[in-house]
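A.B. asks: Dumping the structure here so I can ask a few things about it.
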Amino acid sequence: MHFFSKGALDLPSLFGSILSDLHHKRITSLLFRTKGEVVLQGRADAARKRLEPTIVKDVADGNSLPEEEIVGPILPVVPVDCFKFEAGNRLLSMHGKLSSQNPTRLIDRTTISSTGSVRF
């Protein structure tokens with residue numbers, strides 16, 4: 001699976017650099033510690049503070065990626081049977097693929113904070 005035939009590290013017009021060395025290390029550490037399956041592995045360049053888009057599927061509770069806000073080109077894919085938004089948590093966005101026989105019921109029962117978005 002290739003989105004960028006020559007990679008994205010050298011495309012500053014599409015992907016900016018990570019803000020600081022500390023932030024770059026934090027993001028790559030989250031990625032290194034994930035228990036999910038990396039299905040699209042982006043390259044990292046610490047010297048230039050750059051990271052290519054990376055997709056991780058099967059991100060579950062106890063995984064490193066949902067520990068904190070990522071703010072980087074990492075997309076964690078979290079499988080759920082039922083979505084329940086707990087008070088105090090902040091969800092920036094949620095995108096989903098419905099496999100339910102009754103998708104209207106699923107969407108009607110979905111709760112989201114005013115700061116986020118939902119897309120199915």
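A.B. asks: Measuring with a 1.4 Å probe in the full set of protein chains, what accessible area per residue, in whole Å², belongs to the range 23-81?
C.D. replies: 60 Å²
A.B. asks: How would you order 17-24, 72-79, 50-57 from highest to lowest mean count of nearby Cβ atoms within 10 Å?
C.D. replies: Packing order, densest peptide first, comes out as 50-57, 72-79, 17-24.
A.B. asks: Mind running the shape call on the range 1-69? Use the C-alpha gyration tensor, a ≥ b ≥ c as the square roots of the eigenvalues: rounded below 1.5 for a/c, prolate if a/b tops b/c, oblate otherwise.
C.D. replies: oblate
The values are calculated or read from the model by the stated rules, or taken from the named source; none is laboratory data. Quick caveat, the model's predicted, so the values are computed rather than measured. With ideal geometry, Cβ positions are generated from the backbone for all residues, glycine too; neighbour counts draw on all protein chains shown. Just so you know, the surface numbers come from the protein's heavy atoms only, side chains and all, with ligands and any DNA or RNA stripped out. Shrake-Rupley method; radii C 1.70, N 1.55, O 1.52, S 1.80 Å.
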